[in-house]
Every structure is written in structure tokens, then in C-alpha cells.
1. When you go through Arg204, Arg214, Arg228 one by one, which is the residue that is touching a residue at least 40 places away in the same chain (Cβ under 8 Å), surrounded by fewer than 16 Cβ atoms within 10 Å (Cβ to Cβ) and not hydroxyl-bearing (Ser, Thr, Tyr)?
2. So if I check each of Val416, Val437, Val457, Val490, which one is aliphatic (A, V, I, L, M), under 32 Å from the mean Cα position of the chain (by Cα) and assigned by TED's automatic domain parsing to the domain that holds Pro163?
3. Tell me the residue from Arg464, Arg484 that is farther than 25 Å from Val164 by Cα and touching a helix residue (DSSP H, G or I) at 6+ places or on another chain (Cβ under 9 Å), please.
4. Only residues in segment 9-21 that are hydroxyl-bearing (Ser, Thr, Tyr) count as the first member; pair them with residues that are at pLDDT 95 or above, Cβ under 6 angstrom, at least 6 apart or cross-chain, and list the lot.
5. So which strands (runs of 3 or more DSSP E) stay within segment 216-303 end to end and still have 3 or more residues that are over 26 Å from Glu317 (Cα atoms)?
6. If you go through segment 316-364, how many residues are small (Gly, Ala, Ser), assigned to a loop (DSSP other than H, G, I, E, B) and either in contact with a Pro (Cβ under 8 Å, 6 or more places away or on another chain) or in contact (Cβ under 8 Å) with a residue 24 or more places away in the chain (or both)?
7. What tally of residues in segment 268-297 results from selecting those that are within 19 Å of Arg380 (Cβ to Cβ) and either among the basic types (Lys, Arg) or more than 26 Å from the chain's Cα centre (by Cα) (or both)?
8. Just give me the residues in segment 235-255 being more than 28 Å from Ile326 (Cα to Cα) and more than 18 Å from the chain's Cα centre (by Cα), in sequence order.
Amino acid sequence: MTAITTTDPATGVVSATGIEETTTARVAEITAEAASAFAELRTTSRAWRAGLLRALADGLEHDRAHLVATAAAETGLPATPRLDGELTRSAFQLRLFAEAIEEGGYLEAIIDHAGDTPMGPGPDVRRMLVPIGPVAVFGASNFPFAFSVAGGDTASALAAGSPVVAKAHSSHPLTSQASFDALNGAATAYGAPRGTIGIVFGQRAGAELVADPRIAAVGFTGSLSTGRILLDIIGERERPIPFYGELSSLNPLIVTAGAVGARGEAITAGLFASFTASAGQLCTKPGIAFVPRSAGALVDAVVARAVDAAPQALLNERIHDAFGTIRGRLIEEGRAESLVAPRVGDDGFSLSPAVLAIDAADVTAAVAEEAFGPLLVIARYDDVSEVAAALAAVPDSLTATVHAEPEEWDALAPLVASLEDMAGRVVFNGYPTGVRVSWGQHHGGPWPATNTAHTSVGVTAIRRFLRPIAWQDAPETLLPEELRDGYTGVPRRVDGVLTLARLAR
């Protein structure tokens, strides 16, 4: 078996982990355990699953100190407030999903009683969403908790009633193992069946996991290239399955002349913080900012901040090397001008921020490539019509942002409408980094941001791991409790009329 190592990106030091790559035989055992667990989980009550999610949140909280320290050593991200806050987010996600499944609206329960219709007698039809089956969850390099083993994909799949098999990310294997231990220990103590949560290590094991016929869906956050590889594996399966990938995003940000005049200094600080937070390794980082040509002071201020900024550790050597390669490509092929070149740190995989500039009229696909790390392309424009034309070369994204003043919004309405077509979340006078976990959140976007209309953040993320079933003229004893006559515990649409839940007092 192949031993797995871990690397501290702040120092470059490689250490043994005591973890071995998961063998082919063990992958099969883990997926078989997940399939067995699914047979039990799909029959559990919503109240039981809510209790499980809260127990998992408590398990993470119990191991907080160990988890945060382990992640800090493997990612180069600061323990506080970043990683400590991210662990809080993971626990919060689990508890939020507990509330959501207790409320029950996610089931989309519908009852159409038998009776006469304009087309003649109609049968009794009852429909709701049910769990899809074991889910493979791929951990992300840049979020060792919130988008990894203990992240939103895991929380939403378990909330749906689907077991999870996580594929540990190679950048933080010890954190992945520690997260699994905390969750699995809590699940076992709660009484969850063996196989409710599993984990595999190694690239080959990840590929075998996706190909395994017992896996019913895949949740993935990572590069577009890796996403394509997993999609190819799914395409070769005898029975293809849903793939929910968050893949690539440039996240354009637009600043108007009015906004510069009213709050230029605040925008400078906010924009710089947004594209350099966590060393620019956030999926919602603004990669290109359109600013008026007259806003020279704002550009100079961003440049000054970048010049003064200290290098930050990138997550791994691959990201570090790719940053330089992509930056060079943006200059040579995209014809962008370098305003600030990155400085390489003395140790590990660290870099300081980089800033490029180009005229909005010269923006092409060659300069609209995501550079994962602290890099910003500033596109100067004279008229907002140049921004609209340039956006045609910008790939669809998770987010788009506009900074403007009240008197400008009417004129910007057509531009905002175009942003709604190319992004899953439009931000006004704010910044796209910092994705709120809530009922109303949508963290997705048209390809290549994601390959799905669904979100990976917030309550509606559960929809990915559910599928609809309709029961026609079914005996009541064979129906789910939520579809039986007289049940009032969840919102339902009965004969076309929405009825709200009436909870027992």
C-alpha cells in the first residue's frame, strides 16, 4: 500500500501521516457498508435524522481544538479567526439542516385525491422527495471543514437520509481523518448504522468511488479539469448518476463613477480584502474588476496595498506553480499589463498579491481566466457600455457584483439583467466573498461555475440528494407518513391548495 504524506504549505516540510491509500477491496467494502446503512437511514424519521445532525455538530465542537490545530498545520490558513470560524460554520450547517428537516417543507409533499377532472376520472396521486442513496463527497482544498468531510455536501446528504463516503483531499489528509473521526464517533454514539459516514484516501480510490455502482450521486468542489475527469468516469458507468460540481469562477465586480466618488476609499479597502482573503483562494474571489478610467486614485490605492502586503501561504505546491503560469499567460496571451508582480516568500508556497490592468475594450477570453490565488485584473472603462461588451468574454460565474449609487441604478438596469443571466448570485454594494449559510442562499451558477441549477450552500442544497416518487392509488399503510390523510406535520399541497403544518402542542 502507498503511504500518504502531508505538507505544511507555510514551510514546505513534508511529514508522514500514518495513513495509507485506500485499496480497491476496501473501497468496495466501504460502499457496501454505505448501501447497507442506506437501507436503514431511508426508513428513519425526520426527528431521528435531526437528532443525528445535532449530534454530529456537537462532535465537531467537542474536537474543535484538535481539528483547528490540525487544519492550520496542513493549510497555512490562520487558526483564528479563519479556521475556527469555518468549523463554527460547519457545525451551524448541520444544525440548520436539522431545523429544515424538522420543518419538512423540503419534501415537497403533494396529494391529489381521486376524483373527477376536466379530462375524466383521475386516480389518487401522491408525491414527495425521498433520499437518493449513498453519496460520494469530494473535499475541497481551500475549505478543510466547510466544503470537505464535515462540510455542506455531507450535511445536506445526511439530512436527506443518504449516507456519505468522503474522498479526503490530498492537501489535508490529517484534517480529513480527524473530521471523519469526530463525525463517525458522534454518529456511532448516537446509534447510526455502520456505514453512515465513510472515507477513502488517494486519487485512485476517488476514481473507484465514483465508478462504484452503489454510489448514487457525487458532490464535488474543485478544479474544472478534475471535474471533467469525474464526469468522464460517470459517463462510463452502466448507470450514470448525478454529478454536482462547483468548478471555476471569475466573479466580475463592477464599480461605477458615482460609487468611486461617494466611497472610493471604502471600495479600495473592501476590494483588496476580498481578492486577497485566504490568499485569494476562495471560489467567490473577484478576479476581474471593472473601474472607470477616471478612478486612477482607486487603482493606485489598490496597487499600494498590494505592494505593501506580505506573502501568504498558498494551499499546495500545485496551486503555487499554477498561479505563476496563469499570471504569465494573462500577460502574454491576454495582453494585460502588470501593475504589481507577486513576491515569493522565503518559506513554503507563499506569494504576495499581484495586480494586472487592461482596457475593458481589450478584454478577451484569454485574460478572463481564473487564477486561484491573490490576483486581480483591473479593467478600465470610459462608458458602462464597454463593460457590457467585455462581459461577453467573461465566463459565467458563481457571483457578479455592482457598486453604484442610487441615482445610477435605473441606467444600470440592462447591465444588471445581463449579470443575472451569467451568475447565480448578484451582489449590490458589497463583496462576493463570505457566503452566508441560510435558507435563501444560492451558491451556484451557469457552466463553468457549476454544472447544475442547484446550490451547494444553504437549505436548498438538500434538493441535490433527493429524488421524487409518485404513489398512485397506494394503500395508506404503504405510504410515507407525510403523505397519509390527516397528517399535519409538514406543509403539503392537497388538491392544489397549500396547507401549512400544524404542529402538536
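The values are calculated or read from the model by the stated rules, or taken from the named source; none is laboratory data. Just so you know, these numbers come straight off a predicted model, no measurement behind them. Cβ coordinates were reconstructed from backbone atoms using ideal geometry, including for glycine residues, and neighbour counts include every protein chain displayed.
1. Working: Arg214 fails: surrounded by fewer than 16 Cβ atoms within 10 Å (Cβ to Cβ); Arg228 fails: touching a residue at least 40 places away in the same chain (Cβ under 8 Å).
Criteria check complete, one pass: Arg204.
2. Details: Val416 fails: assigned by TED's automatic domain parsing to the domain that holds Pro163; Val437 fails: assigned by TED's automatic domain parsing to the domain that holds Pro163; Val490 fails: assigned by TED's automatic domain parsing to the domain that holds Pro163.
Of the residues listed, the single one that is aliphatic (A, V, I, L, M), under 32 Å from the mean Cα position of the chain (by Cα) and assigned by TED's automatic domain parsing to the domain that holds Pro163 is Val457.
3. Details: Arg464 fails: farther than 25 Å from Val164 by Cα.
Testing whether each residue is farther than 25 Å from Val164 by Cα and touching a helix residue (DSSP H, G or I) at 6+ places or on another chain (Cβ under 9 Å) leaves just Arg484.
4. Ser15/Thr6; Thr17/Ile4; Thr17/Thr6; Thr17/Pro173; Thr17/Leu174
5. Numbers: elements: 217-221, 243-246, 253-255, 288-292.
Filter on segment 216-303 gives 253-255, 288-292.
6. Total meeting the criteria: 5.
7. Qualifying residue count, segment 268-297: 8.
8. If we filter segment 235-255 for residues that are more than 28 Å from Ile326 (Cα to Cα), which is where we start, we get 235-242.
Matches in segment 235-255: Gly235, Glu236, Arg237, Glu238, Arg239, Pro240, Ile241.
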